[in-house]
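The values are calculated or read from the model by the stated rules, or taken from the named source; none is laboratory data. As the structure is a prediction and not an experimental result, all values here were calculated from the model. Cβ placement follows ideal geometry from the backbone for every residue including glycine, while neighbour counts extend to all protein chains displayed. Ligands, DNA and RNA are excluded from the accessible area calculation, which covers all protein heavy atoms including side chains. Shrake-Rupley method; radii C 1.70, N 1.55, O 1.52, S 1.80 Å.
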Amino acid sequence: EIDGRILRDDGTYIVAESTLVPGTVAAGASTRAHITFLPNAAIQAHWNNEVDDLVFWIEPPAGWEVDRRGLTVANPPQTVSLEPRKVELEIRVPDNAANGEVTLPGYALYYVCEDVNGICLYRRQDVAMTLRVHN
């Protein structure tokens, strides 16, 4: 943390992958977002489970609806772990949405450690999902 801001993880520690199913929808329809967070094995990153859970927050554009803006993934009982952590949510496109691509911004907050006896860090990772709207 620098001056009260949480430092960003650009994917160095945790790799985030998002998929929208379907990835192209009509105005008024819904899609399901699947986001997976996985520690980067190349640097022996792992979850620090002694502190807060992973939190994911999405900021849909005006008029868009989500079933949950904030989601939490509970830590397992082990002190450290390597499992993928997943969040899912439903997104509803407004009836009057224009054709084209729309970016749905979200972010995750989590505690991650680097290497076997490395430093543990609190990080934020921005996750932008792109959806194509057609009428």
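In this structure, Glu83 qualifies as under 17 Å from the mean Cα position of the chain (by Cα) and modelled with pLDDT of 95 or more. Annotation for the range 73-85: no member residue is open to solvent by 30 Å² or more (accessible area, probe 1.4 Å), part of a strand (DSSP E or B) and among the polar types (S, T, N, Q). For the range 30-46, the criterion of being part of a strand (DSSP E or B), of a type in the set (Phe, Trp, Tyr) and surrounded by fewer than 18 Cβ atoms within 10 Å (Cβ to Cβ) is satisfied by no residue at all. When you look at Thr19, is it polar (S, T, N, Q) and closer than 18 Å to Met129 by Cβ, yes or no? Considered against the rule, which asks whether it is polar (S, T, N, Q) and closer than 18 Å to Met129 by Cβ, Thr19 comes out as yes. If you scan the range 103-125, which residues turn out to be in contact (Cβ under 8 Å) with a residue 40 or more places away in the chain, over 13 Å from Leu54 (Cα atoms), assigned to a strand (DSSP E or B) and open to solvent by 30 Å² or more (accessible area, probe 1.4 Å)? Pro105, Cys120, listed by residue number. Note on the range 86-102: among residues that are assigned to a strand (DSSP E or B) and touching a residue at least 60 places away in the same chain (Cβ under 8 Å), the one that is least open to solvent (accessible area, probe 1.4 Å) is Ile91. Under 6 Å by Cβ, and 6 or more places apart or on different chains, what pairs join a residue from the range 46-59 that is closer than 19 Å to Gly106 by Cα with one that is outside any strand (DSSP E or B) and small (Gly, Ala, Ser)? Every condition considered, the pairs that remain are Asp53/Ala74.
Applying the criterion of being assigned to a strand (DSSP E or B) and over 16 Å from Thr36 (Cβ atoms) to the residues of the range 52-66, the residue that is least open to solvent (accessible area, probe 1.4 Å) is Val66.
Condition check ((1) within 26 Å of Pro39 (Cβ to Cβ); (2) basic (Lys, Arg); (3) within 20 Å of the chain's Cα centre (by Cα)) across all residues:
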position	(1), (2), (3)
Arg68	yes, yes, yes
Pro77	yes, no, no
Leu89	yes, no, yes
Gly100	no, no, no
Tyr110	yes, no, yes
Thr130	yes, no, yes
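Can you confirm whether Ala74 is small (Gly, Ala, Ser), touching an Asp or Glu at 6+ places or on another chain (Cβ under 7 Å) and modelled with pLDDT of 95 or more? Considered against the rule, which asks whether it is small (Gly, Ala, Ser), touching an Asp or Glu at 6+ places or on another chain (Cβ under 7 Å) and modelled with pLDDT of 95 or more, Ala74 comes out as yes.
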